[in-house]
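Below is one structure, written out as structure tokens; comments come after it.
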Amino acid sequence: MEIVFVEEGFKTLKADLSIVLVCDKNLTHTWVEDSDDLALLNFKGESEEIAFLPTKKIFYAGVNIHDAEDIKIALAKCIKSASKTSATSVKIGTYGEGSIKHIVEGVLFGTYVFDRYKTKKNQSKLKKILISSEDALGYTYDKKVAQSEIAYAKTLTEAVNFAKDLINTPPDIATPKMLANTAETLAKEIGNVECFIGDEKYLKKEGMGAFLAVSRASSEPPRLIHLTYKPKKSKGKITVVGKGLTYDSGGLSLKPGDSMTTMKSDKSGGCAVLGIIKAAAELKLPVEIHGIIGATENMIGGNAYKPDDVLESRSKKSIEIRNTDAEGRLVLCDCLDYAQETKPDLIFDLATLTGACVVALGEYTSGIMGFNDTLKQNFIQSALASGELCAELPFNRYLKKLLKSEIADICHISSTRYGGAITAGIFLSEFIKEEYKDKWLHIDIAGPAFVEKEWGYNSHGASGAGVRMVINYIQENIIKGKN
Ligand code: BES
Ligand code: ZN
Ligand code: ZN
């Protein structure tokens with residue numbers, strides 16, 4: 001999709017269709033020329049309300065102008081609808097400072113389709129979005145600022161869509177080896193990104209007994225993926241670890257059929273890490289970023305790891321297994337141990353770790369855990385500003401005691417069924433060394449990672465959760481140094 005900023009008034013600019021945002025229900029704005037038709041349609045200009053007047057070739061969409069999400073949702077809805085028409089171009093004005101970024105994000109999420117496996121492909125004729133330099137609120141956009149906002153939002157949104165494509169790819173194709181190849185290709189294409197791939201032999205050499213146990217029953221060999229983006233000038237170093245379960249059948253503690261469907265999305269954390277590296281490198285962010293992905297399947301077989309096994313992790317801590325479906329934390333504990341050796345200023349992990357997180361927060365919100373309150377609060381703020389919902393799930397001493405094992409150093413699941421997202425986070429925290437405790441965040445994206453019923457500007461399938469929140473945290477807190 002071509003998106004261009006044109007220095008011309010909104011009304012005179014030529015395009016097949018127009019989009020007018022009705023701000024805060026103000027139907028008297030000069031761009032709203034069809035109040036009688038809108039009244040007939042009962043259009044009030046509420047958030048998420050849109051009206052299409054085919055004879056006038058105009059979309060009207062209600063927004064609360066102070067809510068960036070409203071703008072993105074409005075654009076996504078209008079563009080989706082416009083894609084079904086024969087129009088090839090659509091025009092829109094601007095709506096105050098920063099609005100171009102939201103417009104571009106809405107357009108590119110709204111037009112996202114994953115039709116690789118459909119014989120009949122997306123037929124949309126829409127090719128061009130024209131952004132008029134006239135602003136509905138009287139703001140004046142500098143041309144350079146406008147163009148750089150378009151470029152920024154395009155790069156970021158395309159990195160999110162890249163992660164979505166990979167997550168949506170079926171498990172038979174998106175195997176650990178395929179993720180590793182994708183990472184290698186990505187590194188080659190972007191330049192200034194290095195890629196190291198560790199195979200089974202390497203995992204053995206590293207003593208990653210927990211990661212290896214999970215991978216054992218799969219006919220697809222596991223891969224440790226380590227990408228490094230190193231800019232010439234760096235304001236800090238951040239390491240992001242991703243859960244890359246290319247399929248989670250549950251292992252011997254097999255998932256019921258209904259819960260197994262969609263488990264191709266258990267690689268969402270790992271794919272988000274690829275999206276983060278892609279976005280950061282293409283945006284040339286002045287921050288060193290390490291992306292580490294534990295890629296494997298969790299399958300069944302005669303050699304599968306079992307409930308009652310005791311595993312030795314890379315950190316040498318022994319782990320009692322009670323349910324092979326709690327596999328993500330086993331892959332992550334070894335990857336986190338490895339990741340701390342990159343000596344980062346901050347270390348985040350992104351994982352579709354627990355169903356309990358979805359129960360606790362709903363399907364739209366990620367759970368943020370860690371020991372550093374300021375870090376958690378700053379992260380949540382940046383995440384919300386980026387358009388991703390997040391909330392804190394607090395650790396406490398009583399939940400920690402539920403991970404006690406009679407036979408090993410720690411049990412990987414809690415002895416009760418409550419607070420499962422937090423106990424999973426506490427389990428991971430046991431593999432974070434003292435000097436990194438305040439530098440670490442665990443982000444459980446199990447809810448928003450995969451969209452079963454479309455919401456906002458997210459269509460069915462992967463949402464790319466994690467990419468925008470981490471990039472925005474880096475922008476607002478490391479680069480702008482807001483801490
Ligand atoms: N991959 C799942 C978590 C998940 C569930 C992600 C639903 C997305 C949607 C994870 O590996 C898992 O199965 N966790 C178990 C843990 C339990 C056995 C302690 C769960 O959440 O039920
Ligand atoms: Zn599982
Ligand atoms: Zn899993």
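Quick check on the range 129-138. Is at least one of its residues modelled with pLDDT of 95 or more, of a type in the set (D, E, K, R) and within 26 Å of the chain's Cα centre (by Cα)?
Here is the first cut: in the range 129-138, the residues modelled with pLDDT of 95 or more are 129-138.
With of a type in the set (D, E, K, R) added as a condition, the list becomes 134-135.
Right, trim to within 26 Å of the chain's Cα centre (by Cα) and you get none.
No, there is no match, as no residue in the range 129-138 is modelled with pLDDT of 95 or more, of a type in the set (D, E, K, R) and within 26 Å of the chain's Cα centre (by Cα).
Restricted to the range 290-326, and to residues that are polar (S, T, N, Q), surrounded by 15 or more Cβ atoms within 10 Å (Cβ to Cβ) and in a loop (DSSP other than H, G, I, E, B), which residue is nearest to ligand 2 (Cβ to nearest atom)? Walk me through how you get there before you give the answer.
Quick first cut of the range 290-326, residues polar (S, T, N, Q) only: 296, 298, 303, 313, 315, 318, 323-324.
Right, trim to surrounded by 15 or more Cβ atoms within 10 Å (Cβ to Cβ) and you get 296, 298, 313, 315, 318, 324.
When the remaining residues are screened for being in a loop (DSSP other than H, G, I, E, B), the result is 313, 315, 324.
Values: Ser313: 18, Ser315: 21, Thr324: 8 Å.
Across the range 290-326, the extreme among qualifying residues is Thr324.
Let's see how each residue does on (1) modelled with pLDDT under 95; (2) among the polar types (S, T, N, Q); (3) at positive phi:
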site: Lys233; (1), (2), (3): yes, no, no
site: Ser253; (1), (2), (3): no, yes, no
site: Met260; (1), (2), (3): no, no, no
site: Lys267; (1), (2), (3): no, no, no
site: Arg314; (1), (2), (3): no, no, no
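Can you tell which of Gly302, Gly275 is within 24 Å of Ile471 (Cβ to Cβ) and out of contact with any Pro (no Cβ under 7 Å at 6 or more places or on another chain)?
Values: Gly302 fails: within 24 Å of Ile471 (Cβ to Cβ).
Answer to the check: Gly275.
Out of Leu203, Leu179, report the one residue that is in a helix (DSSP H, G or I), in contact with a Pro (Cβ under 9 Å, 6 or more places away or on another chain) and modelled with pLDDT of 95 or more.
Values: Leu179 fails: in contact with a Pro (Cβ under 9 Å, 6 or more places away or on another chain).
Exactly one residue qualifies, and that residue is Leu203.
Can Gly242 be described as in a strand (DSSP E or B), within 16 Å of ligand 2 (Cβ to nearest atom) and not charged (D, E, K, R)? First the steps, then the outcome.
On the way: in a strand (DSSP E or B): yes; within 16 Å of ligand 2 (Cβ to nearest atom): yes; not charged (D, E, K, R): yes.
Yes; evaluated as a whole, the condition is true for this residue.
Quick check on this structure: which one of Ala383, Ala391, Ala408, Ala465 is assigned to a loop (DSSP other than H, G, I, E, B), within 30 Å of Leu108 (Cβ to Cβ) and at pLDDT 95 or above?
Just one listed residue meets the conditions, Ala465.
Could you please tell me which pairs satisfy a Cβ distance under 6 Å, a separation of 6+ or placement on different chains, a first residue in the range 436-455 that is outside any helix (DSSP H, G or I), and a second residue that is surrounded by fewer than 19 Cβ atoms within 10 Å (Cβ to Cβ) and of a type in the set (S, T, N, Q)?
From the range 436-455, the pairs are Phe450/Thr262.
Considering only residues of the range 245-264 that are under 21 Å from the mean Cα position of the chain (by Cα) and in a loop (DSSP other than H, G, I, E, B), which is nearest to ligand 1 (Cβ to nearest atom)?
Here the residue is Thr262.
Among Lys177, Lys154, Lys127, Lys143, which is the only one that is farther than 27 Å from Lys91 by Cβ and among the basic types (Lys, Arg)? Before the answer, list the steps.
Numbers: Lys154 fails: farther than 27 Å from Lys91 by Cβ; Lys127 fails: farther than 27 Å from Lys91 by Cβ; Lys143 fails: farther than 27 Å from Lys91 by Cβ.
One residue alone meets the criteria, Lys177.
Applying the selection to the range 254-301, what residues are over 18 Å from Ala163 (Cβ atoms), within 16 Å of ligand 3 (Cβ to nearest atom) and among the basic types (Lys, Arg)?
Lys255
Being away from ligand 1 (no atom under 16 Å from the Cβ) and touching a Phe, Trp or Tyr at 6+ places or on another chain (Cβ under 8 Å) is the filter here; which residues of the range 345-371 pass it?
Going residue by residue through the range 345-371, those that are away from ligand 1 (no atom under 16 Å from the Cβ) are 345-348, 368, 370-371.
Hits for the range 345-371 are Leu346, Ile347, Phe348, Ile368, Gly370, Phe371.
Find the residue count for the range 71-112, including only residues that are touching a Leu at 6+ places or on another chain (Cβ under 7 Å) and within 14 Å of Glu149 (Cα to Cα).
Summing the residues that are touching a Leu at 6+ places or on another chain (Cβ under 7 Å) and within 14 Å of Glu149 (Cα to Cα) in the range 71-112 gives 5.
With respect to the numbered conditions (1) in contact with a Gly (Cβ under 7 Å, 6 or more places away or on another chain); (2) under 20 Å from Ser463 (Cβ atoms), which one is the sole condition not fulfilled by Gly367?
Status for Gly367: all satisfied but (1).
Would you pick out the residues in the range 276-302 that are touching a helix residue (DSSP H, G or I) at 6+ places or on another chain (Cβ under 8 Å) and among the β-branched types (Val, Ile, Thr)?
Kept after step one, since they are touching a helix residue (DSSP H, G or I) at 6+ places or on another chain (Cβ under 8 Å), are these residues of the range 276-302: 276-283, 285-287, 289-298.
Matches in the range 276-302: Ile276, Ile277, Val287, Ile289, Ile292, Ile293, Thr296.
The values are calculated or read from the model by the stated rules, or taken from the named source; none is laboratory data. It should be emphasised that the depicted structure is a prediction, and the values quoted were computed from it without experimental measurement. With ideal geometry, Cβ positions are generated from the backbone for all residues, glycine too; neighbour counts draw on all protein chains shown.
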